Amino acid sequence: MLQREQYQLVMSRLNEPRKFIQIIEGPRQVGKSTLVKQILQNYNRPYIHFAADNVPASQSVWITSCWEAARARLATEHLPEILIVIDEIQRLSQWADVVKKEWDNDTFTDTNIKVLLLGSSRLRLEKGQSESLKGRFEVIKMPNWSFAEMRDAFGFSLDEFIYYGGYPGSAELIKERDRWLNYIESSIVAATINNDILMDTPISKPALLRRTFELSSAYSGQILSLTKMIGQLQDAGNTTTLTGYLELLDTAGMVCGLQKFAMDKARRRASVPKYQVYNNALLSLYDDANMSVTRQNPQRWGRWVESAIGAHIVNQSYAHNFKVYYWREGNHEVDFVLVRNGRIIAIEVKSNEEKTTAGLATFEQLYHPYKTLLVGPNAFPIDTFLQTSLDTLFV
């Protein structure tokens, strides 16, 4: 079974002296529970594993019972330390407040209990972290699976990854299109929107949230103003509502709206968004054709290639903490602009012969980026780029 790169990071932190609560965070169906299973199989110290799957959401006292079980075992067996692992922690209301209380009690009494938390909702986990656990936790971020991971684990070709994306649970279904579509719809889209976003966030128009997701996913890799999007939506409300919905979908790891790069932050916020899915499966979900038909249309396939490149970039930005923008002035455009610690990297995707690269040269003259990259045939190979850890570009 493939071990994701986060395996070594989590294992090394668990082997350190007790410092912080460790939280494994990421969107749905990226293998968080599988990672923990692999870790516990090789963890050579005492631990107790709990899962909150069937615990009523109101029973946050259940968390305290987990702690008491660990404390009892620590005392009874005279252990030097013990690890508590709680899966699906985000399902319980006020979970962060209870975890904070128990962690602080252990800190005060010098009780050596380490803590590893994970859950299927990145949105709800992040909310708890920001509200109660400041200064007490570290996050291990698990993005969507990369091309290299899908190739090594499931034998995906480059074309299959570009079209079907990187959800490991759907890999064995790609030969049966209807089954694959049903999996993406039920296990990813419906589960994220219904169980993660709507469960905790007051949404006045749930149907509009869903339609916003569908349109922004279908337009992945394209620039479309919120005003024009409103024109395609029924009962759309205003751009402020759509902006809020798009931010929720971004935090949930589904689709984001990239801002236009500008030195002035106000101009960035006021820019027309460029939509980008975190996983190309969410673009293909709304493809009226199948992979074979889409692949035979060079212009259409070029959209899928650019979206796959963008998905890799936004997943890497989530894992490695850099900002992603696009740039456009008049007829000149750069597909992606990456920014970290004052260093700017401009990336242009040339997926077909019709696309010009004049925008890259213009951007260089205006902003003098740290690096520029042209990704495509006769340049930085697409398959190589999709296997590259982009934090290395800033070195």
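The values are calculated or read from the model by the stated rules, or taken from the named source; none is laboratory data. As the structure is a computational prediction, the values presented were derived from the model and not from experiment. Note that we place each Cβ from the backbone using ideal geometry, even for glycine, and neighbour counts take in every protein chain shown. For accessibility, only protein heavy atoms count, side chains too; no ligands or nucleic acids. Shrake-Rupley method; radii C 1.70, N 1.55, O 1.52, S 1.80 Å.
The rows are residues; the columns are (1) in contact (Cβ under 8 Å) with a residue 12 or more places away in the chain; (2) surrounded by fewer than 21 Cβ atoms within 10 Å (Cβ to Cβ); (3) touching a helix residue (DSSP H, G or I) at 6+ places or on another chain (Cβ under 9 Å).
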{"position": "Gly31", "(1), (2), (3)": "yes, no, yes"}
{"position": "Leu40", "(1), (2), (3)": "yes, yes, no"}
{"position": "Pro56", "(1), (2), (3)": "no, yes, yes"}
{"position": "Trp67", "(1), (2), (3)": "yes, no, yes"}
{"position": "Leu74", "(1), (2), (3)": "yes, yes, no"}
{"position": "Leu79", "(1), (2), (3)": "yes, yes, yes"}
{"position": "Ile84", "(1), (2), (3)": "yes, no, yes"}
{"position": "Trp95", "(1), (2), (3)": "yes, no, yes"}
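Among the residues of region 279-309, write down those that are of a type in the set (S, T, N, Q) and either closer than 27 Å to Tyr325 by Cα or in a helix (DSSP H, G or I) (or both).
Our first condition is that a residue be of a type in the set (S, T, N, Q); within region 279-309, this holds for 279-280, 284, 290, 292, 294, 296-297, 299, 307.
Listed by number, the residues that qualify are Asn279, Asn280, Ser284, Ser292, Thr294, Gln299, Ser307.
Tell me the residue from Thr251, Thr240 that is at pLDDT below 80 and hydroxyl-bearing (Ser, Thr, Tyr), please. Don't jump to the end; show me each part of the working.
Values: Thr251 fails: at pLDDT below 80.
Answer to the selection: Thr240.
Quick one: Leu282 ticks every box in (1) open to solvent by 20 Å² or more (accessible area, probe 1.4 Å); (2) under 17 Å from the mean Cα position of the chain (by Cα); (3) of a type in the set (A, V, I, L, M, F, W, C) except a single one, so which number is it?
(1)
For region 152-172, name all the residues that are open to solvent by less than 40 Å² (accessible area, probe 1.4 Å) and aliphatic (A, V, I, L, M).
Scanning region 152-172 gives Ile162, Ala171.
Among the residues of region 236-278, which ones are part of a helix (DSSP H, G or I), aliphatic (A, V, I, L, M) and surrounded by fewer than 16 Cβ atoms within 10 Å (Cβ to Cβ)? Explain how you work it out, then say what you get.
Let us first name the residues in region 236-278 that are part of a helix (DSSP H, G or I), namely 239-251, 265-269.
In the following step, the residues that additionally are aliphatic (A, V, I, L, M) were identified as 242, 246, 248-249, 266.
Within region 236-278, Ala266 is the sole residue that qualifies.
Residues in region 173-229 that are in a loop (DSSP other than H, G, I, E, B), within 18 Å of the chain's Cα centre (by Cα) and exposed (fewer than 13 other Cβ atoms within 10 Å of the Cβ): how many?
Applying the first criterion (in a loop (DSSP other than H, G, I, E, B)) to region 173-229 yields 174-176, 201-205, 219-222, 224-225.
Subset that is within 18 Å of the chain's Cα centre (by Cα): 220-221.
Still in the list and also exposed (fewer than 13 other Cβ atoms within 10 Å of the Cβ): none.
Adding up the residues that qualify gives 0.
Within region 356-371, identify whether any single residue is surrounded by fewer than 22 Cβ atoms within 10 Å (Cβ to Cβ), in contact (Cβ under 8 Å) with a residue 24 or more places away in the chain and part of a strand (DSSP E or B), and answer yes or no.
Among the residues of region 356-371, at least one is surrounded by fewer than 22 Cβ atoms within 10 Å (Cβ to Cβ), in contact (Cβ under 8 Å) with a residue 24 or more places away in the chain and part of a strand (DSSP E or B), which makes the answer yes.
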